[in-house]
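Each remark here refers to the structure printed beneath this line.
The values are calculated or read from the model by the stated rules, or taken from the named source; none is laboratory data. These figures come from a predicted structure and were not determined experimentally. Note that each Cβ is placed from the backbone with ideal geometry, even for glycine, and that neighbours are counted across all protein chains shown.
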Amino acid sequence: MKQIEDNIRELNKLQNLQQRSHWMNKLHPLGKLLVCVIYIFVVASFDKYAMDKLLVMAVFPAFCFIVGDLSLKDGLYRMRLILPLVLFVGVFNPIFDRKELFSIAAFGNQIPVTGGVISMLTLMLKGLFSVLSAYILIATTSIEEICYALRCLHVPKIIVIVIMLIYRYFGLMGAEADRITTAYMLRAPKQKGIHYSAWGSLVGQWLLRSMDRASAVYESMTLRGFNGDFRVKRKIVSARDFLYPFIWIVLFILLRHFY
Amino acid sequence: MHTGAKGEILKIEDLHFSYEKGEEVLSGVNLTAHDGESIGIIGANGIGKSTLMKLLVGLKLDYQGVLEVAGHAVNKKNLSHIREHIGYVFQDSDSQLFLSTVEEDVAFGPTNYGLPPEEVERRVNEALLKVHMTDLRTRHNYNLSGGEKKLAAIATILSMEPDIIIMDEPSIALDPRNRRNLIKILNEINALKIVTSHDLDFIMDTCKRVVLLDEGRIIADGSADEILKDKELLESHGLELPLSLSRR
């Protein structure tokens, strides 16, 4: 029960972060989305042994976390579900790639460093940087703005609507799960967790109730003119909105090719 | 604003509706309403009040009879037009507020109808002013209290400047101060208001006309003074006198 409450609170905190009046939040979402996507592509394009070169790409998350007043600790905490997956990707490389690249001296011994270890660390860094850049995007841009940016890129309307509704549905399902588990726990104070005999009916109730809530929300949307397209207030584009993506994208290309 | 032949903004004639064949929820409802009226729909639980409201806004279309809003029949073809004229405030405000902030939610309706940004901005300002929520415009919906959520839900409808406002149990779960505030706000709105509620004191404070529903039919339709003071009539249809009258 506490975990559900905590997750809802986390989602709420993230939404509060998106509503800040910081200049990075006010940038045009299309620029931020492009920077994020291109950054991920550039990071992913580095050679598997190019860990030293890849480290330079930390400049983007470092800049955004420092200048954007974002907490790295909170960022890592909020991405805790994805991080183990991206860190796990290269975990078997040291077993399969045993080619020695160099050795390091430690405590009077020479410790060989294999290609597998380097490629594992490179993959981990790539994953970490990609997750952090995605976090920077969602911490400074609301879901409506991200969807607006996707529409600017001519992503099909149906896909954008589905993304937006899934995001809304998460909060709604979380709130329903919280209510149901609270009601259960209050009448089963001595139980630790939910007894397996109640799982079926609780999950069934949860789905039915969240579907009811979702259809009420949908009705409310259609009654206010929703016809399958979210109209976000058109953003006025300033010089800063051009400069931000331009500088970053040029920098990414320079770092990739000349460093 | 369009009206019917006799100047009515809402016209219901011999309306029948059933969820399942043979079990009519509404059977032969007749009602007309004019601009600026305030009508309270009362009745015990499960007699079809909410169903009637859903029919009015076109959430259910498989009815029999005549149902016209602002001179247009409620059918699939006219839905978009009808919904520009009619606003529905849900019983559960959480269902009404689905965007991040109060401001975004209030702007949702006018933006969807393709109004220019300056007009959307004007309507948002005006709607928030009417419900005394200008200070909370950037507040996250999640952080609003129950009373504030209700007022924000009303603002989302006011920003569409509808000719008809329908409210389903608006006073539910409000503390006395918020309830009094809501009554004041509702009495300042000039549109045709249709309020369904079990809270007969609330109906007495906000509506001049009352319609009593039972078994899918209109049992009584008259002034609030006349119907809400009729103990015998109310009790015979599963209701009781408003608390303020029963204490006398």
If you take the residues in region A:166-188 that are of a type in the set (A, V, I, L, M) and more than 14 Å from chain B (Cβ to nearest Cβ), which one is surrounded by the fewest Cβ atoms within 10 Å (Cβ to Cβ)? A:186
For residue B:150, only one of the following conditions fails: (1) touching a residue at least 24 places away in the same chain (Cβ under 8 Å); (2) part of a helix (DSSP H, G or I); (3) within 15 Å of residue A:220 (Cβ to Cβ); (4) within 9 Å of chain A (Cβ to nearest Cβ). What is its number? (4)
Residue identified as acidic (Asp, Glu) and not in a helix (DSSP H, G or I) among B:240, B:235: B:240
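Restricting region B:112-139 to residues that are at negative phi and in a loop (DSSP other than H, G, I, E, B), which is nearest to the other protein chains (Cβ to nearest Cβ)? Don't jump to the end; show me each part of the working.
Pass one, region B:112-139, residues at negative phi: B:112-113, B:115-131, B:133-139.
Narrowing the set further to residues that are in a loop (DSSP other than H, G, I, E, B) leaves B:113, B:115-116, B:131, B:133, B:137-139.
Values: B:113: 5, B:115: 10, B:116: 10, B:131: 16, B:133: 16, B:137: 11, B:138: 7, B:139: 9 Å.
Residue satisfying both the conditions and the ranking: B:113.
Let's see how each residue does on (1) within 12 Å of another protein chain (Cβ to nearest Cβ); (2) in contact (Cβ under 8 Å) with a residue 24 or more places away in the chain; (3) among the aromatic types (Phe, Trp, Tyr):
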site: B:162; (1), (2), (3): yes, yes, no
site: B:202; (1), (2), (3): no, yes, yes
site: B:206; (1), (2), (3): no, yes, no
site: B:220; (1), (2), (3): no, no, no
Any residue in region A:201-229 that is within 23 Å of residue B:161 (Cβ to Cβ) sitting within a Cβ distance under 8 Å of a residue that is in a helix (DSSP H, G or I) and charged (D, E, K, R)? List the pairs, counting only those 6 or more apart or interchain. A:217/A:168; A:222/B:83; A:223/B:83; A:224/B:83; A:225/B:83; A:225/B:84; A:229/A:157
From the list A:136, A:163, exactly one residue is away from chain B (no Cβ under 14 Å), free of Cβ contacts under 8 Å to residues at least 24 places away in the same chain and touching a Cys at 6+ places or on another chain (Cβ under 9 Å). Which is it? A:163
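Table: residues versus (1) out of contact with any Ser or Thr (no Cβ under 7 Å at 6 or more places or on another chain); (2) surrounded by fewer than 18 Cβ atoms within 10 Å (Cβ to Cβ); (3) not hydrophobic (A, V, I, L, M, F, W, C).
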site	(1), (2), (3)
A:77	yes, yes, yes
A:94	no, yes, yes
A:105	yes, yes, no
A:112	no, yes, yes
A:129	yes, no, no
Residues of region B:79-111 classified as within 8 Å of chain A (Cβ to nearest Cβ), among the small types (Gly, Ala, Ser) and part of a helix (DSSP H, G or I), total: 4
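Give, as residue ranges, the helices (runs of 4 or more DSSP H) completely inside region A:1-75 that count at least 1 residues that are among the acidic types (Asp, Glu) and not assigned by TED's automatic domain parsing to the domain that holds residue A:93. Can you show your working first?
Working: elements: A:2-18, A:23-26, A:29-44, A:51-55, A:59-67.
Per the criteria, A:2-18.
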Please work out if residue B:108 is in contact (Cβ under 8 Å) with a residue 60 or more places away in the chain, under 25 Å from residue A:168 (Cβ atoms) and aromatic (Phe, Trp, Tyr). no
